[in-house]
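The values are calculated or read from the model by the stated rules, or taken from the named source; none is laboratory data. Remember, predicted model here, so these are calculated numbers, not experimental data. Glycine also receives a Cβ, built like all others from the backbone with ideal geometry; neighbour counts cover every protein chain displayed. Surface areas here come from the heavy atoms of the whole protein model, side chains and all, with no ligands, DNA or RNA. Shrake-Rupley method; radii C 1.70, N 1.55, O 1.52, S 1.80 Å.
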Amino acid sequence: MKKYSLVATAAMGLEAIVAKEVRDLGYECTVDNGKVHFKGDEKAIARSNMWLRTADRVKIVVGEFKATTFDELFEKTKALNWHDYLPVNSQFPVAGKSVKSKLFSVSDCQAIVKKAIVQSLSTHYKKTGWLEENGPLFKLEVSILKDVATLTIDTSGHGLHRRGYRTGQGEAPIKETLAAALIQLTNWTPDRPFVDPFCGSGTIPIEAALIGQNIAPGFNREFLSEEWDWMSAKLWDEVRMEAEDLANYDQPLDITGTDIDHKMVKIAEENAFEAGLGDLVQFKQMQVRDFTTPKENGVIVGNPPYGERLGDKPSVQRMYREMGQAFEPLETWSIYMLTSDEEFEEQYGKKATKKRKLFNGFIKTDYYQYWGRRKRD
């Protein structure tokens, strides 16, 4: 099989977690801002789409070169082996972006790249006139950063956060990829209790259940590259069979999600059912101040309201104080909270063991980590 230069894109702050996932799949990688680079064959493309929980997309890097003029962009794009990827009838829209570069007009860059690829394919396939573009879809991107152009093909289609289980959501749902990262940044193991006291539409508990039973996050969806003739149906069947074999459906789990809003609890239950995890995750309506448990050695992960809107902050901070009081007796529990409120520790009543900067969408947040005293069984 051919080897491809691949890149798994990642939200800022999650690159190291994505890199660990890539290495766990057996591929060596290097880390850049928002990107994890690795090499692999067609099977690597399918497996990374199937298994990467915290990456945004998997792309093929067709070429990378310096370009300071439109002529240079055209000629160097045209010189790449596009026929290795694109059949004669492929649809290939070109998206673009340019940062700190002489070629700053994105629409012009897109048009030039498109024209160069058309010429390259026309020459190779000995076609005159228009290419029909009525076949499989290949989403291309020209990205120019400091005069270096990178040309990629998206293999994922919908972003990898689209697991295929979300039937409904609230106002500001956390992305499935970030939810998975929050869990992977904890010390949780599937034999320990897990609670999300702000579960909303259930994303964090559902992702915990997928991790707990080692269910591939892409098992329930399709990918754009499944339409490509050089990514055979047999290959995808093998990758899905591998995912099925590696899933541990017998692993018992103790996962609970609670929320103040009974409507969100209902949506969370529906999403868990859609994910095939209806019996594994318990959801109930509850305010965080009412949380108590006799269990030991558990993990709490939450994405509480941040109080970003004017007027919300006093009530949110009061809730943080009530949460600190409710969690105070949980000496053996580890607690992890994501919020943009820089006064969180003060309101919660305790300094975090560790903090980590993360972005929730475009909101700069801190992940406050309180490590529990582990009680031995």
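Tabulated values for the structure
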| item | result |
| --- | --- |
| The stretch 124-227 shape via C-alpha gyration tensor axes, a/c threshold 1.5 | prolate |
| Mean Kyte hydropathy of 0.0 or more with a Cα span along the axis of at least 15 Å, helices from DSSP in the chain | 106-124 |
| Debye, to nearest 20: dipole size of the stretch 1-55, +1 on Lys, Arg Cβ, -1 on Asp, Glu Cβ | 140 |
| Positive-end residue, the chain charge dipole about Cα centroid, Cβ charges, pick of VAL148, LEU52, VAL62 | VAL148 |
| Karplus (6.51, -1.76, 1.60) ³J(HN,Hα), θ = phi - 60°, over the stretch 150-159, in Hz, Gly and Pro reported as x | 10, 10, 10, 10, 7, 9, 8, x, 4, x |
| Cβ-based charge dipole, the chain, positive-most Cα from ASN33, GLY307, LEU6 | ASN33 |
| Of all accessible heavy-atom area on the stretch 1-117, the percent that carbon and sulfur account for (1.4 Å) | 52 |
| At most 14 other Cβ within 10 Å, DSSP loop - GluC sites (Glu not before Pro), the stretch 339-377 | GLU342, GLU343 |
| For the chain, built as a Gaussian network whose Cα springs stay under 10 Å, the top-fluctuating residue of VAL148, VAL61, VAL113 | VAL148 |
| Antiparallel DSSP beta bridges within the chain, percent to nearest 5 | 65 |
| Cβ charges +1 (Lys, Arg) and -1 (Asp, Glu), total dipole of the chain, debye | 1020 |
| Pairwise FRET efficiency - GLN285 versus ASP108, Cβ, R0 = 56 Å, nearest 0.05 | 0.55 |
| Contour minus Cα-Cα distance for LYS355 and LYS39 (0.36 nm per residue) | 110.5 nm |
| The stretch 26-185 - accessible surface per residue (Å², probe 1.4 Å) | 46 |
| Rough spin-label spacing in nm, given labels placed 7 Å along Cα→Cβ, for SER232 and GLU308 | 4.7 |
| Per residue solvent-accessible surface (Å²) - the stretch 214-337, probe of 1.4 Å | 53 |
| Among ALA55, ALA79, ALA179, residue whose mean-square fluctuation peaks in a GNM of the chain (springs only between Cα atoms under 10 Å) | ALA79 |
| Links that overshoot a 23 Å alpha carbon limit, given the list LYS175/LYS284; LYS35/LYS175; LYS35/LYS146; LYS76/LYS234; LYS66/LYS100 | LYS76/LYS234 |
| For the stretch 299-347 versus the stretch 72-86, the gap between their alpha-carbon centres in whole angstrom | 52 |
| Inter-probe distance in nm under a simple model that places probes 7 Å from Cα toward Cβ, at GLU171 and GLU343 | 2.0 |
| Mean separation of Cα contacts under 8 Å (6+ apart) over length of the chain, as relative contact order % | 14 |
| Neighbour cut-off at most 11 other Cβ (10 Å), DSSP loop, GluC sites (Glu not before Pro), the stretch 121-230 | GLU132, GLU171 |
| Nearest-0.05 FRET efficiency for TYR125 and LYS146, computed from C-beta distance (R0 56 Å) | 0.95 |
| Shape call, the stretch 283-328: gyration tensor on alpha carbons, a/c limit 1.5 | prolate |
| Shape category assigned to the stretch 211-346 from the gyration tensor of Cα positions, a/c cut at 1.5 | prolate |
| Dipole moment magnitude, nearest 20 debye, the stretch 209-267 about Cα centre, only Lys, Arg, Asp, Glu C-beta charged | 300 |
| Within the chain, longest stretch free of exposed chymotrypsin sites (Phe, Trp or Tyr not before Pro) [DSSP loop, at most 15 other beta carbons within 10 Å] | 250-361 |
| Share of carbon and sulfur in the accessible heavy-atom surface of the stretch 227-337 [1.4 Å probe, %] | 50 |
